[in-house]
1. Counting only protein heavy atoms and a 1.4 Å probe, tell me what percentage of the chain's accessible area is made up of carbon and sulfur.
2. Length gain on complete extension for the stretch Glu81 to Arg29, per 0.36 nm per residue less the alpha carbon to alpha carbon distance?
3. Over the chain, with a Gaussian network built from C-alpha contacts below 10 Å, which listed residue (Pro32, Pro21, Pro80) shows the highest mean-square fluctuation?
4. Hey, can you grab everything whose amide H is under 5 Å from the amide H of Ile10? Only 5+ residues off in sequence or another chain; H modelled, so Pro and N-termini drop out.
5. So how many Å³ per residue does the convex hull of the Cα atoms of region 41-103 work out to?
6. Pull up the cross-link candidates among the aspartates and glutamates for Lys99, meaning alpha carbon to alpha carbon under 13 Å and not fewer than 8 places away within one chain.
7. Return an integer: the convex hull volume of the alpha-carbon atoms of the chain, in Å³ per residue.
8. Under a point-charge model restricted to the Cβ atoms of Lys and Arg (+1) and Asp and Glu (-1), what is the dipole moment magnitude of region 5-71 relative to its Cα centre, in debye to the nearest 20?
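The values are calculated or read from the model by the stated rules, or taken from the named source; none is laboratory data. Keep in mind the model is a prediction, meaning the values are calculated, not measured. Using ideal geometry, Cβ is built from the backbone for each residue, glycine included, and neighbour counts are taken over all protein chains shown. What goes into the accessible areas is simple: the full protein's heavy atoms, side chains included, and nothing from ligands, DNA or RNA. Shrake-Rupley method; radii C 1.70, N 1.55, O 1.52, S 1.80 Å.
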Amino acid sequence: MGTFPFELLIQRASSDEPAEPLLCKGHLRVIPGSREVYDAVWRGRNVVAKVFSRRIGSWRRFKREWRGLCQLQSRGVNTPEPLFCGRTQDGRLAVVVEKMVDSPT
């Protein structure tokens with residue numbers, strides 16, 4: 001992506017609603033060929049957006065990430081709240097979770 005900040009639009013996987021705009025403020029992590037993790041704001045809330053590459057296997061990594069977060073939360077494990085998932089305008093898969101600040105490991 002370009003310089004920060006920039007807007008990233010994500011179309012929810014389970015909705016015909018308009019795409020959700022996120023204001024990406026910076027990178028938290030970049031794993032070349034796998035994913036980019038952004039520090040972002042969505043609806044005034046600090047979030048983390050994980051955007052997966054379009055390489056082979058990205059669907060599997062995306063699905064594992066979303067399912068794992070949901071399972072951990074359902075079992076009461078202290079984990080970021082999964083907010084939504086979907087696709088960016090260029091077709092990459094994305095997961096948006098709450099940003100946990102000052103939480104115990």
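1. Working: 3230 of 6520 Å².
Reported share for carbon and sulfur atoms: 50 percent.
2. 16.8 nm
3. Between Pro32, Pro21, Pro80, it is Pro32 that shows the largest mean-square fluctuation.
4. Those qualifying (amide H under 5 Å, at least 5 residues apart or on another chain) are Glu20, Leu22.
5. Convex hull of Cα atoms, per residue: 87 Å³.
6. Excluding near neighbours in sequence, the set is Asp39, Glu81.
7. 112 Å³
8. On the way: 14 positive and 7 negative charges, 92 e Å.
Here the size comes out at about 440 debye.
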